[in-house]
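Please read the structure below before turning to the comments.
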Amino acid sequence: MRHIKAQFIIGVLLLLGGVFLLVAVIRDQRSSLVAPSPAQTAVLQRAAVPTAGTNGQPSELLLPSLNLDLSVIPGVYNPVTKTWTLSLDKVQYATTTPEPNTVGGNTFIYGHYRPGVFATLHAIQYGAPAIVKTSNGHTFYYQLVSERVTNPSDTSVFNYKGKPILTIQTCTGLFFQNRQLFTFDLTRVV
């Protein structure tokens, strides 16, 4: 009798484990919006576009090591609905951050964790290149220098002051509750 009871408990645990794995797989297939906190909203409403040097609005993002070539469209925060615009097949440039430039600031590009967008971004290696082409014909080359996971209320990415960098963001975590940020240093512009 004890043997049957032990088998029943093991069966229930295996079933629960299977359900947990199924939820994890479904989680990878669903999408989520980037929704900043109220404190972040005030920061995002400040435009910080350099007026000198080479700059341009991003139109294409290439991550050669991941075989990604993605169209970039403007991304806008709606303070009424507290949501970002988000595309299922393109990445978006947060228009409240500096355009790619040679002066300074953090260009911020974000997108869904989904196939055809950023589902493979977590596999990028340090030192990997990112290339941003702009609508006015410039090409900005960057190199991955850091990666971190944070929560959606972290506004530090919008407070950056310094040399020109690129930050790419996608969602991460079992229920996409966190944000994964990849920071790239500018290496050259043509």
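The values are calculated or read from the model by the stated rules, or taken from the named source; none is laboratory data. Nothing here was measured: the structure is a model prediction, and the numbers come from that model. A quick note on method: Cβ atoms are made from the backbone with ideal geometry, for glycine too, and the neighbour counts reach across all protein chains shown.
Just a yes or no: is a residue in segment 169-177 surrounded by fewer than 15 Cβ atoms within 10 Å (Cβ to Cβ) and in contact with a Cys (Cβ under 9 Å, 6 or more places away or on another chain)? Yes, segment 169-177 contains a residue that is surrounded by fewer than 15 Cβ atoms within 10 Å (Cβ to Cβ) and in contact with a Cys (Cβ under 9 Å, 6 or more places away or on another chain).
Residues in segment 145-171 that are modelled with pLDDT of 90 or more and under 21 Å from Arg114 (Cα atoms): Glu147, Arg148, Val149, Thr150, Leu166, Thr167, Ile168, Gln169, Thr170, Cys171.
To keep it simple, each residue is scored yes or no on (1) more than 15 Å from Arg179 (Cβ to Cβ); (2) charged (D, E, K, R); (3) touching a strand residue (DSSP E or B) at 6+ places or on another chain (Cβ under 6 Å); (4) exposed (fewer than 15 other Cβ atoms within 10 Å of the Cβ).
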position: Leu68; (1), (2), (3), (4): yes, no, no, no
position: Gly75; (1), (2), (3), (4): no, no, yes, no
position: Val80; (1), (2), (3), (4): yes, no, no, yes
position: Gln92; (1), (2), (3), (4): no, no, yes, no
position: Thr95; (1), (2), (3), (4): yes, no, yes, no
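Residues of segment 73-86 include at least one that is touching a Gly at 6+ places or on another chain (Cβ under 7 Å) and more than 20 Å from Gly53 (Cα to Cα).
Annotation: Thr183 fulfils all but one of (1) at pLDDT below 95; (2) hydroxyl-bearing (Ser, Thr, Tyr); (3) touching a helix residue (DSSP H, G or I) at 6+ places or on another chain (Cβ under 9 Å); the unmet one is (1).
Go through the residues of segment 72-83 one by one and say whether even a single one is in contact with a Leu (Cβ under 8 Å, 6 or more places away or on another chain) and either of a type in the set (A, V, I, L, M) or outside any strand (DSSP E or B) (or both). There is at least one residue in segment 72-83 that is in contact with a Leu (Cβ under 8 Å, 6 or more places away or on another chain) and either of a type in the set (A, V, I, L, M) or outside any strand (DSSP E or B) (or both).
Yes or no: segment 117-128 includes at least one residue that is free of Cβ contacts under 8 Å to residues at least 40 places away in the same chain, touching a Leu at 6+ places or on another chain (Cβ under 9 Å), more than 15 Å from Leu62 (Cβ to Cβ) and in a loop (DSSP other than H, G, I, E, B). Yes: one or more hits. Consider segment 135-162 and keep the residues that are over 23 Å from Thr102 (Cα atoms) and out of contact with any helix residue (DSSP H, G or I) (no Cβ under 7 Å at 6 or more places or on another chain). The one that is surrounded by the fewest Cβ atoms within 10 Å (Cβ to Cβ) is Asn151. Within segment 105-134, the set of residues being within 20 Å of Phe158 (Cβ to Cβ) and either surrounded by fewer than 17 Cβ atoms within 10 Å (Cβ to Cβ) or among the polar types (S, T, N, Q) (or both) comprises Asn106, Thr107.
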